[in-house]
Each structure stands twice: as C-alpha cells, then as structure tokens.
Amino acid sequence: METVFINTPLGTAKIKGDEEGISVISILQEGEITKNIPLELKEAVKQLNEYFEGNRTHFTFTLNPKGTDFQQKVWKLLLNIPHGKTISYLELSKQLGDAKAIRAVASANGKNPLWIVVPCHRVIGSDGSLTGYAGGLWRKKWLLDHENPIKQQSLF
C-alpha cells in the first residue's frame with residue numbers, strides 16, 4: 001500500500017492505494033507534501049488536482065474502499081449524485097429501499113473513506129441545511145460552492 005500527501009485548498013489530502021485501486025482519500029490539517037508520487041497513485045493525484053482547478057467533475061481512477069456490505073451500498077449510491085447537485089439523507093435512505101434507515105445511512109456516509117471522490121459532501125439535511133461532515137462543515141460548504149454551476153459574484 002502506497003501513501004502520498006498532496007496540498008489542496010482545504011488542507012493536506014492523504015491518498016492511499018495500490019495496484020487494486022485507491023482505498024483512502026482523507027483530509028488533514030497539515031502534513032509533509034510528497035515529492036515523488038508512486039505510479040499507482042499518479043492518476044488519483046492528477047485527477048484531484050484537476051478537480052480543485054475546476055477542470056474535472058467526475059473521477060475515473062479505480063476505487064477500492066474497505067467497508068461493510070451496507071457501507072459499500074451507500075457509497076455506490078453516493079457515486080450517482082451528479083456534480084453540482086445535492087440529495088438529502090432521507091432521499092438516500094429511500095433509494096436504498098428503507099426510509100427508516102436514515103441513521104444507518106448517515107453513519108455509513110460519515111465513514112466514507114474516499115473524500116470528494118465518493119461525494120458524501122453532496123448529502124444535506126431534508127431542510128437544505130449543511131449537516132454532518134467529518135471534514136468540517138466549512139469544507140462541505142466550500143466543496144458545494146466549488147461545484148455549484150452558478151457562481152455568485154460579490155457586489156463588494
């Protein structure tokens with residue numbers, strides 16, 4: 001398993017993976033930036049950088065997250081949320097076939113090991129509020145603003 005650390009506008013991203021795919025992308029407050037990127041991680045680093053530059057809306061590198069069967073189902077559903085769109089935890093639970101599974105869905109969402117790529121930041125409260133984000137709500141807001149197709153200009 002290889003590990004690299006890259007700089008992003010939201011802090012240092014840690015990327016772990018091997019020839020079977022990327023298993024972890026997480027955000028840290030700080031970390032030593034990796035100078036030599038292993039071959040197995042080059043495409044993930046390239047695509048994440050393109051995302052932050054505003055030149056990528058979806059990822060094509062191989063994913064290999066570890067989790068329970070239920071978590072895997074939730075993470076697969078998250079991959080269906082289009083760039084620039086959001087969905088509520090309740091809607092996600094209904095897509096799984098059980099509206100009462102909202103807490104389990106929220107828990108699986110919070111354990112998502114692939115920051116940004118499996119877009120758990122696109123899941124919001126039923127009332128439109130920004131709720132529950134392991135990376136901090138300020139990062140969730142930044143990511144949603146970054147993905148918003150309509151850029152609001154400041155008047156001042």
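The values are calculated or read from the model by the stated rules, or taken from the named source; none is laboratory data. The model shown is predicted, which means the values in this text are computed figures rather than measured ones. Using ideal geometry, Cβ is built from the backbone for each residue, glycine included, and neighbour counts are taken over all protein chains shown. All accessible areas refer to the heavy atoms of the entire protein, side chains included, with ligands and DNA or RNA removed. Shrake-Rupley method; radii C 1.70, N 1.55, O 1.52, S 1.80 Å.
Worth a mention:
- Residue in region 131-145 that is most open to solvent (accessible area, probe 1.4 Å), counting only those that are over 10 Å from the mean Cα position of the chain (by Cα) and at pLDDT 90 or above: Trp138
- Filtering region 46-82 to residues that are open to solvent by 60 Å² or more (accessible area, probe 1.4 Å) and either under 21 Å from Gly11 (Cα atoms) or of a type in the set (D, E, K, R) (or both) leaves Lys46, Glu53, Asn55, Thr57, His58, Lys66, Asp69, Lys73, Lys76.
- Qualifying residue in region 49-65 (condition: in contact with a helix residue (DSSP H, G or I) (Cβ under 9 Å, 6 or more places away or on another chain), under 25 Å from Val123 (Cα atoms) and in a helix (DSSP H, G or I)): yes
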